[in-house]
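The values are calculated or read from the model by the stated rules, or taken from the named source; none is laboratory data. All values derive from a computational prediction rather than experimental measurement. All Cβ positions, even for glycine, are placed from backbone atoms using ideal geometry, and neighbour counts span all protein chains on display. The protein model used for the area step is the full one, side chains on, heavy atoms only, and it has no ligands, DNA or RNA in it. Shrake-Rupley method; radii C 1.70, N 1.55, O 1.52, S 1.80 Å.
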Amino acid sequence: MKSPFLQEMTGSEPLSIEEEYAMQKTWRTDDDKCTFIILSKEAQGSAEACDIYDNSKMIGDVNFYLNDHYNPHEAELEVMIAESECSGKGIATEVLKLMMHYAVNDVGVTDFV
């Protein structure tokens, strides 16, 4: 993430490419968090299939963290829409609803903070 604004808003530091890959690996392997990348819907409905590996379609991410060791059913939610042209369109609301549905039905979360 190279945007100074996004770094400030997310409390992030610039990472080397190796550090970025290491962080992305934790998204798949850590038991205490769940991260999904948010892709643009632009290609949806077109004759072409949406290429999920096309980085230009990435507009943000959504996460939940299982931080409370005393309550393993409590999750902290976080969403970031990184592309300014995608803000204010209800994407974050839709993504949070989907993530909450997944957390409740597939992971057993009962409380959100």
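Just give me the residues in the range 34-43 being open to solvent by 60 Å² or more (accessible area, probe 1.4 Å) and among the β-branched types (V, I, T), in sequence order. The one that is open to solvent by 60 Å² or more (accessible area, probe 1.4 Å) and among the β-branched types (V, I, T): I37.
Mind listing whichever residues of the range 23-33 are open to solvent by 60 Å² or more (accessible area, probe 1.4 Å) and in a helix (DSSP H, G or I)? Those that are open to solvent by 60 Å² or more (accessible area, probe 1.4 Å) and in a helix (DSSP H, G or I): M23, Q24, K25, W27, R28, T29.
Per-residue answers, yes or no, for (1) under 21 Å from K97 (Cα atoms); (2) at pLDDT below 85; (3) of a type in the set (A, V, I, L, M, F, W, C); (4) not in a loop (DSSP other than H, G, I, E, B):
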{"site": "Q7", "(1), (2), (3), (4)": "no, yes, no, yes"}
{"site": "E13", "(1), (2), (3), (4)": "no, yes, no, no"}
{"site": "T35", "(1), (2), (3), (4)": "yes, no, no, yes"}
{"site": "K41", "(1), (2), (3), (4)": "yes, yes, no, no"}
{"site": "N63", "(1), (2), (3), (4)": "yes, no, no, yes"}
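Answer yes if at least one residue in the range 51-58 is open to solvent by less than 90 Å² (accessible area, probe 1.4 Å), at pLDDT 85 or above and within 22 Å of Q7 (Cβ to Cβ), and no otherwise. No, the conditions are met nowhere in the range 51-58.
Condition check ((1) open to solvent by 70 Å² or more (accessible area, probe 1.4 Å); (2) touching a strand residue (DSSP E or B) at 6+ places or on another chain (Cβ under 8 Å)) across all residues:
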{"residue": "V62", "(1), (2)": "no, yes"}
{"residue": "N67", "(1), (2)": "yes, yes"}
{"residue": "G88", "(1), (2)": "yes, no"}
{"residue": "A92", "(1), (2)": "no, yes"}
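Only residues that are more than 13 Å from the chain's Cα centre (by Cα) and assigned to a helix (DSSP H, G or I) were counted across the range 65-101, and they come to 4.
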